[in-house]
Amino acid sequence: MTRRPAEIVVDVLLLAVAAVWGASFLSAKALTDEVGVAPAVALRFVVAAVALGAICLARRERMPRGRGLAVAALLGCSQAAVIGLETAGVHLTSATNAGVLISLALVFTPVLESLAARSWLPRSYFVAAVAAVVGVALLVSGGGLRAPTIGDALVIAAAVVRAVHVTASARLTRGRSDSSLAVVFVQLVVCAATSSAVAGADLPSAVGRLTASGWAHVLFLGLMCSVFAFVVQLWAVRRTSATRASILMGTEPVWALAVGVAIGGEAVGLPGLAGAALVIAASYAGQAIERRHRRALAEREPRAMDGPVLVAPPSP
């Protein structure tokens, strides 16, 4: 069946978000090489918070209060931890490895959600999880058996924290009517504040020595990877199915691999390519198994569908 132009636009925009997120790893690596990890994280969050704040002001979004504000602030702390670990990891490994390894969050999240819901996943899911682990081993092997580098380990840790963040977001915001834009703005403000505090005196000096290329990376990470990606995702997922959005935005690691090799000039041998393909395939398979499991539960208990819909990882 021929897809309508409006549907094609939605697909293209969701693919654009995935491509932007995939390219973010190479951009973050270049920025950290110039100014260091903590200033790089702080700068991207400050830019993102200012930009989204302007949008919220123009739209007169109502800020969350009370428990809603506390939840948004808590999620901001977990998001800051995700990006902090991810950025430190990509600084110490390749952008290609980081972009693929972070997709393990799609494997970890359903496990955490099933634990929280006390509803265990089918065995086939854990077959996919084991396949993902084998893929990781191949990806980080560098052509021979070896342990992951510190950078690889940090990105895997970021994937675990991201899974916790997604699960907590779904449970803590369930049933609340707070504006999504306003909640994310609060999260970005918290991220900007915490990362700026960690950067400390290094932040002003980093700003002073930023080159034009460095500023381009800051703006790309802050505006495109955070604000643009979130706004487009929020708009697009209301105009397509969660499954289709998940498939399109789940191409992020594919874009990370393509950008890392084609633009970054990173070398990925045959074992690495096989590992990347296995991780990506296992993540997709795991998502499909989790969705079928959730639908089966929903037939018996409607509230089983209240868990997080894995449309995409939280915006970097």
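Bear in mind that the values in this text are calculations on the coordinates, not laboratory data. Predicted model only: the values in this text are computed from it and were never measured. With ideal geometry, Cβ positions are generated from the backbone for all residues, glycine too; neighbour counts draw on all protein chains shown.
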query: Are there trypsin sites (Lys or Arg not before Pro) in region 2-51 that DSSP puts in a loop and that have at most 15 other Cβ atoms within 10 Å, and which ones?
result: Arg3
Gain in span if fully extended, Arg62 to Asp33, counting 0.36 nm per residue against the direct Cα distance: 6.6 nm
- request: Normalise the Debye intensity by I(0) for the chain, one equal point scatterer per Cα, no solvent, then take log10 at q = 0.08, 0.12, 0.14 Å⁻¹ and round to two decimals.
  value: -0.35, -0.81, -1.11
message: With a cap of 16 neighbouring Cβ atoms within 10 Å, and only residues DSSP puts in a loop, list the trypsin sites (Lys or Arg not before Pro) found in region 46-152.
response: Arg60, Arg62, Arg65, Arg118, Arg146
query: Counting each DSSP H run of 4 or more residues in the chain as -39500 (n - 2.57), what helix-only mean residue ellipticity at 222 nm follows after dividing by all residues, to the nearest 500 deg cm²/dmol?
result: -25000 deg cm²/dmol
- request: Could you list the trypsin sites (Lys or Arg not before Pro) in region 185-263 that lie in coil according to DSSP, counting only those with at most 10 other Cβ atoms within 10 Å of their Cβ?
  value: Arg238
query: Rounded to the nearest 0.05, what FRET efficiency is calculated for Leu219 and Arg244 with R0 set to 25 Å and r the Cβ-Cβ distance?
result: 0.25
message: Quick check: pseudo-label points 7 Å beyond the Cα along Cα→Cβ at Val164 and Ile8, how many nm apart are they?
response: 4.5 nm
field: Dipole axis of region 1-87 (+1 Lys, Arg; -1 Asp, Glu on Cβ), positive-most option in Ala18, Ala81, Ala70
entry: Ala70
statement: With the dipole of the chain defined by +1 on each Lys or Arg Cβ and -1 on each Asp or Glu Cβ, the option from His217, Ala158, Phe230 whose Cα lies farthest towards the positive pole is Phe230
- prompt: Looking at the chain, do any whole DSSP H helices span at least 24 angstrom along their long axis by alpha carbon and average -1.0 or above on Kyte-Doolittle, and which?
  reply: 5-35, 37-59, 67-92, 123-141, 150-172, 180-199, 270-300
